[in-house]
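Engineer: There's a structure below that I have some questions on.
Each value in this text was obtained by applying a stated rule to the coordinates, not by laboratory testing. Quantities reported herein were computed from a predicted structural model and do not represent experimental measurements.
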Amino acid sequence: MTEPRPRPRSVRRRLALATAAVAAAGIAAASALIFTSPAQAATTLGASAAESGRYFGAAVSTQYLSESAYANTLGTEFNSVVAENAMKWDATEPNPGQFNFSGGDQLVNWAQARGMKVRGHTLVWHAQQPGWVQGLTGQNLRNAMNNHIAGVANHYEGKVFAWDVVNEAFEWDGSRRQSNLQQQLGNGWIEEAFRAADAADPAARLCYNDYGTDAINAKSTAIYNMVRDFKSRGVPIDCVGFQTHIAHNENLSSYQANLQRFADLGVDVEITELDVGQGSGQANTYGTVTNACMAVARCTGITVWGVTDKYSWRTDNPLLFDG
Ligand code: 9MR
């Protein structure tokens, strides 16, 4: 067995990261401060974001809510949450038509008790489908998808402000991912999913969400073209999520322009799963992403993909806080 890689626990580095993100938010919020004149500048990520009407959220694994350090950091620093796994298809509909909302409800209740917003992630995705969905074909898969969207989005109506309706449906080269959904339902399945979500929760913001869209590239352009087509035909889409799982030295020279071109189509943009690999430039990269969001009027908020490095899906200490 290999030893787990030791993880540095530099409090200073953590504070520097958090401070960089707050500072980045603060610079761009400075003009708002002139008008709102708060008694003192905000000192948490969530409060800093709120000064410009934005949110700063974290992905949450409900099993850690009972850890006081985890819960304290989450409740103090953030003003929005998303379930890291609890609202996905395998969790919410383990058997056909039998819904299980226990994990998602736990998070919603926790957040509501603290006045925090809740994002919904995710209604339809090629991954984390329950076994019974993976073998479905044709109309059976179509019915299952529409029934799933109706069941979950209905249940959380009025509780989640935005849904990642469809997650990760494109490849790097801009082609459609050849998932079971794509192969069985054809090109129209994304539109169908958005229409089903709109019917189930007309008030929620409906987002398309993906990774590798941090620049103007073949993948982001294919998604851009889809959103433009949806807007021109009245398909209900309100927002695009940019996951932003990135390396410390990522080339972000077109990041803001990419957000802006989507915003110019008439959709909100959100940073939905931000984490940045450890290395020189990590704090700067957090700052660049935060500044880009602050500079785009329709960028409504940032979610980082976890509270602490201790429980990140990555092993390169990509988050703002440690254990
Ligand atoms: O962080 C999530 C991890 O706990 C799960 O095991 C994994 C399963 O695929 O999904 C992770 O979250 C993903 C998110 O739902 C969609 N974008 C990529 C995220 C990281 O893999």
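Engineer: I'd like to know how the chain sits against the 2.2 N^0.38 Å rule of thumb: what's its Cα Rg over that expected value?
Structural biologist: The chain yields a ratio of 0.97.
Engineer: Segment 149-207: D in µm²/s via Stokes-Einstein (Kirkwood Rh, Cα pairs, 20 °C, 1.002 mPa s)?
Structural biologist: Answer, rounded: 176 µm²/s.
Engineer: Let me have the 222 nm mean residue ellipticity of the chain computed from DSSP H runs of 4+ only, each contributing -39500 (n - 2.57), with the sum over all residues rounded to the nearest 500.
Structural biologist: The per-residue figure over the chain is -13000 deg cm²/dmol.
Engineer: Quick one: Karplus J couplings for segment 176-193, per residue in order, coefficients 6.51, -1.76, 1.60, θ = phi - 60°, nearest Hz, x for Gly and Pro?
Structural biologist: Once rounded to whole Hz, the list reads 6, 5, 7, 7, 4, 5, 5, 6, 7, 9, x, 4, x, 5, 5, 4, 4, 5.
Engineer: Sorted from largest to smallest, which semi-axis lengths in Å does the alpha carbon gyration tensor of segment 215-278 give for its equivalent ellipsoid, taking the root of 5 times each eigenvalue?
Structural biologist: 24, 12, 9
Engineer: Moving on. What share of Cα pairs, in percent, lie more than 23 angstrom apart in segment 31-157?
Structural biologist: Percentage above 23 Å: 44.
Engineer: Rg and Dmax of segment 246-306 over Cα atoms: what are they, in angstrom?
Structural biologist: So, for segment 246-306, Rg and Dmax equal 11.5, 36 Å respectively.
Engineer: Still on this structure, please answer the following. Using only Cα atoms, tell me the angle between helix 11-36 and the longest principal axis of the chain; keep it within 0 to 90° and round to the nearest 10.
Structural biologist: Roughly 90 degrees between the two axes.
Engineer: Normalise the Debye intensity by I(0) for segment 108-247, one equal point scatterer per Cα, no solvent, then take log10 at q = 0.15 Å⁻¹ and round to two decimals.
Structural biologist: Rounded to two decimals, the profile gives -0.76.
Engineer: With a 10 Å cut-off between alpha carbons and a GNM built on the chain, which of GLY57, GLY174, GLY306 moves the most?
Structural biologist: GLY174
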